[in-house]
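Nothing in this text is a laboratory measurement; each read-out follows from the coordinates by a stated rule. Computed from a predicted model, the values in this text were never measured in an experiment. Heads up, the Cβs are rebuilt from the backbone with ideal geometry, glycines too, and the neighbour counts pull from every protein chain shown.
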Amino acid sequence: MNRRSGRRSSTRAACAGFSLLEIMIVVVIASLLATLAQAGWWSQVLRVRRIDATAGLLQAAAAQESYLVREGRYAERLVPDPPDGLGFPGTRHGWYRLEIERADDDGFLIVAVPAVGSVQNNDEPCQQFSLDHLGRRASTPAPPEVCWR
């Protein structure tokens with residue numbers, strides 16, 4: 001209280017909260033941090049979803065080897081069921097589409113590309129994965145050391 005007038009000091013009332021400017025600064029900083037975190041998070045999501053392609057290719061290659069033992073040749077199609085195809089519908093989550101690009105008596109080449117409408121189309125470094133009968137891994141445009149890890 002002010003001794004002379006008997007009123008409370010107005011300086012204490014002015015310091016009781018945050019100003020609008022201080023709150024706006026905090027909101028701007030929080031927004032910037034959220035934007036940076038989301039960009040990093042999204043790139044990790046795309047990277048983790050590459051496992052759908054690599055696992056699908058490895059499973060299809062194993063199915064090709066089983067088909068070779070049963071039928072004496074590699075299958076030319078993923079579906080329908082044997083003996084006309086592998087009976088392999090595709091990747092587990094459907095983020096990639098598998099295709100048998102080449103299959104003959106000497107070997108096979110299976111390719112995985114992002115499915116139509118899949119968010120994996122945004123994964124620019126790794127737009128195509130492939131695996132052949134010798135287990136050779138490839139990817140484009142980035143090398144397999146980037147996409148297959």
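Only one of (i) 1.38; (ii) 1.03; (iii) 1.52 was calculated from the structure for Rg/Rh (Cα atoms, Kirkwood Rh), and its label is (iii). Estimated from helical segments only, the mean residue ellipticity of the chain at 222 nm is -14000 deg cm²/dmol, where each DSSP H run of four or more residues counts as -39500 (n - 2.57).
Net length available on complete extension from Ala55 to Asp106 is 16.0 nm, with 0.36 nm assigned per residue and the Cα-Cα distance removed.
Simple spin-label estimate for Thr140 and Ser31 gives 4.2 nm between the two label positions (7 Å along the Cα-to-Cβ direction from each Cα). Using the Cβ-Cβ distance between Gln44 and Val69 with R0 = 35 Å, the FRET efficiency computed as 1/(1 + (r/R0)^6) comes to roughly 0.35.
Here the Karplus curve 6.51 cos²θ - 1.76 cosθ + 1.60, taken at θ = phi - 60°, turns the phi angles of segment 63-76 into couplings of 5, 4, 5, 5, 4, 4, 5, 6, 9, x, 7, 8, 6, 8 Hz, with x standing for Gly and Pro.
Ranking Asn121, Ile23, Pro89 by Cα position along the charge dipole of the chain, where only Lys, Arg, Asp and Glu carry charges on their C-beta atoms, puts Ile23 farthest toward the positive end.
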